[in-house]
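Okay, so here's the structure we're looking at.
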Amino acid sequence: MGLAWVIWILLQVLIGYNLYLPIVLFIFFKNSKQALPAAPEDDYGIIVTAYEQTDTLGIVVASLLKLNYTNYLVYIVADKCDITNLHFDDERVILLRPPETLASNTRSHFYAINHFTRAHTRLTIIDSDNLVHPEYLHELDKYFNQGFVAVQGIREAKNLNTTYARLDAARDIYYHFYDGKVLFGIGSSATLAGSGMAFTTQLYRDCLENKDITGAGFDKVLQSLIVGQNLRIAFTDKAIVYDEKTTHADQLVKQRSRWINTWFRYFKFGFSLVFKGITNFSRNQFVFGLILLRPPLFIFLILSVFCMLANFFISITAVFIWLLGMIVFVLGFYIALAKSDTDKRIYQSLINIPKFIFYQVLSLLKVKNANKHSVATTHNYHNEVAGNDKTGTDENGTI
């Protein structure tokens, strides 16, 4: 067996295991039906970051002020924003305008932390286009009360008004199920999603205060540092944040190019966590490291198709192994949707997945300059009531 053949087999294994991994994890997953008891209220600093855009801040603040909770303050960091027309009368809202442009999520977070009006023991990060469920903080408390120092909530779709938004929501459901509920359920950690996440303030300071992270991906660095200490990140699908989904192709391409750039920058953390998992006999670190090494869905799906087609000239047996892997992956994707509260419009949009993948390939071509794009996604759709998108039609027609 020549060296080239060994490399070819190894390359296929490194790509192909991603097709089977979700189902393997699901087999070991046991969804606990035990309801956690209510926990006493703590003291939260809620950090909302805005960059250049302020048009959604009024809605997110109104949502936060409706939280069924008494002990929290909201800190809005309006970075490079015109705040002339921003006025919040509620004393629980503190508007901060940095004198110099920060252009970084973590810089904005620490600008808020350094301006906390009291020593909040916990903080949670909310995007400027998010809405929150009234019980959001209470649901986080249940896991902090169990001894966790980091908790990821679930980001549900705020809008399903275009096919892009529905496919974006389908992708989120997949990741929340396997990278959130399943990973946490088998004894590892949930991946962080950028918002709808909470930490003890001390943990956040310890992990990131001395690191200057620019561009997208602070959550990738943070989760690696947390799991690197063999701490677990809890997941709860009861702490709900409503997130605005991408609605236009150009918006999708710019956003995904930043996300893909982030994976290429930070997937290396997976190697160290896998190694730590082996040496520490830690399921938490080992499994989480494997997840960090996984490429974005569309990349390993395209590579899988390439490998299957190549094997038509090499090994028919391998062709069937690849075909089985793709069937298993599709089954796993369906399980994620079926086990979640999935809107029927999302199922109807799945026929457009090839077009969705095409635009992500365009995103891949723009990866090199991804961080030159705005650090914030420009949104063109706003919905004042969480989950109240009932139009059932595409604003741009059928895609």
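See the values below:
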read-out: Qualifying residue in segment 292-315 (condition: within 30 Å of GLY228 (Cβ to Cβ), out of contact with any Phe, Trp or Tyr (no Cβ under 7 Å at 6 or more places or on another chain), open to solvent by 60 Å² or more (accessible area, probe 1.4 Å) and in contact (Cβ under 8 Å) with a residue 40 or more places away in the chain); value: yes
read-out: Residue match in segment 132-140 (condition: touching a Pro at 6+ places or on another chain (Cβ under 8 Å), open to solvent by 40 Å² or more (accessible area, probe 1.4 Å), farther than 30 Å from SER349 by Cα and in a loop (DSSP other than H, G, I, E, B)); value: no
read-out: Test: residue in segment 267-277 that is at pLDDT below 95, within 28 Å of SER349 (Cα to Cα) and not polar (S, T, N, Q); value: no
read-out: Filtered residues of segment 161-213 (kept if in contact with a strand residue (DSSP E or B) (Cβ under 7 Å, 6 or more places away or on another chain), open to solvent by 10 Å² or more (accessible area, probe 1.4 Å), part of a helix (DSSP H, G or I) and closer than 18 Å to PRO295 by Cα); value: ASP172, HIS176
read-out: Flag for THR342 being in contact (Cβ under 8 Å) with a residue 12 or more places away in the chain and among the hydroxyl-bearing types (Ser, Thr, Tyr); value: yes
read-out: Counted residues, segment 87-118 - those being under 18 Å from LEU208 (Cβ atoms) and open to solvent by 60 Å² or more (accessible area, probe 1.4 Å); value: 3
read-out: Any hit, segment 238-256, residues being in contact (Cβ under 8 Å) with a residue 24 or more places away in the chain, open to solvent by 20 Å² or more (accessible area, probe 1.4 Å) and among the acidic types (Asp, Glu); value: no
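The values are calculated or read from the model by the stated rules, or taken from the named source; none is laboratory data. Keep in mind that this is a model prediction, so the values were computed, not measured. All Cβ positions, even for glycine, are placed from backbone atoms using ideal geometry, and neighbour counts span all protein chains on display. Accessible surface areas use protein heavy atoms only, side chains included; no ligands, DNA or RNA. Shrake-Rupley method; radii C 1.70, N 1.55, O 1.52, S 1.80 Å.
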